[in-house]
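In what follows, a single structure is set out as structure tokens and then discussed.
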């Protein structure tokens, strides 16, 4: 399992149609998630250029990266950096719900080994993992939907 760093920049567009420029993730995924942020959270992204990159030239094709991608875009849009000690994982559905992913406990364990202390993950999986003896030193923040993610980011 490889953890990746997703970077995003949201900037007012200056010329015609807003751009969605990506490296390391699928452009269609960025377009869908951007539309969700607009529709579900009221973030006005239609007039914004959005640039998304996976650091190190890696590819992040798995849906488990959705929550991290969305968090990076929101962070840039509201101009508030994400916590340096946090990892984000979870699939985001078209209704804005955050869905569980495979190997959640392994993902948290790997993040802990790399020095991360906080994991923002699907709510159901956070509840399941809170009883795990191995994960005691991690702060688990469960989110059920995009509104929950916004609350966690503002927190």
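Nothing in this text is a laboratory measurement; each read-out follows from the coordinates by a stated rule. Being a predicted model, the structure only gives us computed values, none of them experimental. Cβ coordinates were reconstructed from backbone atoms using ideal geometry, including for glycine residues, and neighbour counts include every protein chain displayed.
Annotation: peptides 84-91, 69-76, ranked by per-residue average of other Cβ atoms within 10 Å with the highest first, follow the order 69-76, 84-91. Expressed to the nearest 5 percent, the antiparallel share of DSSP beta bridges inside the chain is 45 percent. For segment 1-79, the calculated P(r), taken from all Cα-Cα distances in 10 Å bins from zero up to the bin holding the longest distance, is 19, 57, 22, 2, 0 percent. Scaling against 2.2 N^0.38 Å puts the C-alpha radius of gyration of segment 6-154 at 1.02. Could you grab the relative contact order for the chain? Cα pairs under 8 Å, six or more apart, rounded to a whole percent. Normalised by residue count, the contact order of the chain is 22 percent. Once the Cα atoms are used to define both axes, helix 104-113 deviates from the longest principal axis of the chain by about 90 degrees.
Each helix, a run of at least 4 DSSP H residues, gives -39500 (n - 2.57); summed and divided by the residues of the chain, these come to -10500 deg cm²/dmol at 222 nm.
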